[in-house]
Amino acid sequence: MRPAPAAPRARRSSRRPPPRSRGSCAPEGGRREEILDGASEMFAEHGYHGASLREIAGHIGISHPGLMHHFPSKDSLLHTVIDSLEDRTQQTLDEVERLSVEPEALMQELAATWHPGALHVRLLATLAAESVSGDHPGRFRMARLRRVHENIFEQCFTAYGERGMLRRGLDPGFAGRALLGLVLNLAVREKTVRAMQGPTHDDGPVQELARMMRSFLSKDAVG
């Protein structure tokens, strides 16, 4: 099993998320976290280019100068948001050995860490798609972040293959890329197709991820 790379360091919708309740006396550190949470929501919904600092401030319920006291530019806010994505990814990277023991561990983690409806996954999907633009300030960091997620899955599938639990002939790298691709696709689908469907459709995101996982495993591993 190859060692994991070090975690990285260094048409707009007409409806916006409802404004957060205005906090009158949030502590300095708490206000900064509040801004990051609000910016993450706005970037996930509208992308970096689709959300201005004034709109983010309005969503959070603070003044534009108040936001700029903490983040003097939208670029600095974006990079701090990406910092939080990298920190979360590092926590998952630290769990690779546990997730590589058996497919059931990764299956359970998919429903938690990679749930397509979770804010951090929607944020990853939106920024990763948007960063194909050459002028996106987070372009290379998002590409590297995506590769780390793919590598986490690839390491797990490599370990399963070494124990005969992977479908014969399946390339672990392809399986990792395909699984992350489905995660990001479902994050978009949850906000589009799923929003127009009734509750009777058997295509929930967790079920879809589980189906793909099972299709990669050997008959013995599936049971």
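Scanning region 44-69 for residues that are within 22 Å of Ser133 (Cβ to Cβ) and small (Gly, Ala, Ser), we see that the one that is surrounded by the fewest Cβ atoms within 10 Å (Cβ to Cβ) is Ser52.
Can you tell me how many residues in region 70-90 are open to solvent by less than 50 Å² (accessible area, probe 1.4 Å) and not in a helix (DSSP H, G or I)? The total comes to 2. Remark: pairs (first residue in region 64-87, hydrophobic (A, V, I, L, M, F, W, C); second residue loosely packed, with under 13 Cβ neighbours inside 10 Å; Cβ separation under 9 Å; 6+ apart in sequence or on different chains) = Leu67/Arg54. In region 7-16, which residue that is under 19 Å from the mean Cα position of the chain (by Cα) and surrounded by fewer than 15 Cβ atoms within 10 Å (Cβ to Cβ) is modelled with the lowest pLDDT? Among those residues, the one meeting the criterion is Ala10. When restricted to residues that are β-branched (Val, Ile, Thr) and either under 19 Å from Phe153 (Cβ atoms) or in contact with a Cys (Cβ under 8 Å, 6 or more places away or on another chain) (or both), region 70-121 contains 6.
Considering Glu33, Glu28, Glu41, Glu95, which residue is over 23 Å from Val132 (Cβ atoms) and at pLDDT 95 or above? Outline the logic, then answer.
Values: Glu33 fails: at pLDDT 95 or above; Glu28 fails: at pLDDT 95 or above; Glu41 fails: over 23 Å from Val132 (Cβ atoms).
Checking each option against the conditions leaves just Glu95.
Could you check, for region 179-193, whether at least one of its residues is modelled with pLDDT under 95, in a helix (DSSP H, G or I), small (Gly, Ala, Ser) and loosely packed, with under 15 Cβ neighbours inside 10 Å? No, region 179-193 contains no residue that is modelled with pLDDT under 95, in a helix (DSSP H, G or I), small (Gly, Ala, Ser) and loosely packed, with under 15 Cβ neighbours inside 10 Å.
Assess whether Ala4 counts as being assigned to a loop (DSSP other than H, G, I, E, B), closer than 30 Å to Gly173 by Cβ, at pLDDT below 90 and open to solvent by less than 70 Å² (accessible area, probe 1.4 Å). Criteria met by Ala4. Residue count for region 87-116, restricted to those that are farther than 19 Å from Pro205 by Cβ and of a type in the set (D, E, K, R): 6.
The values are calculated or read from the model by the stated rules, or taken from the named source; none is laboratory data. Quick caveat, the model's predicted, so the values are computed rather than measured. Counting neighbours? That spans all protein chains shown, and the Cβs are built from the backbone with ideal geometry, glycine included. The protein model used for the area step is the full one, side chains on, heavy atoms only, and it has no ligands, DNA or RNA in it. Shrake-Rupley method; radii C 1.70, N 1.55, O 1.52, S 1.80 Å.
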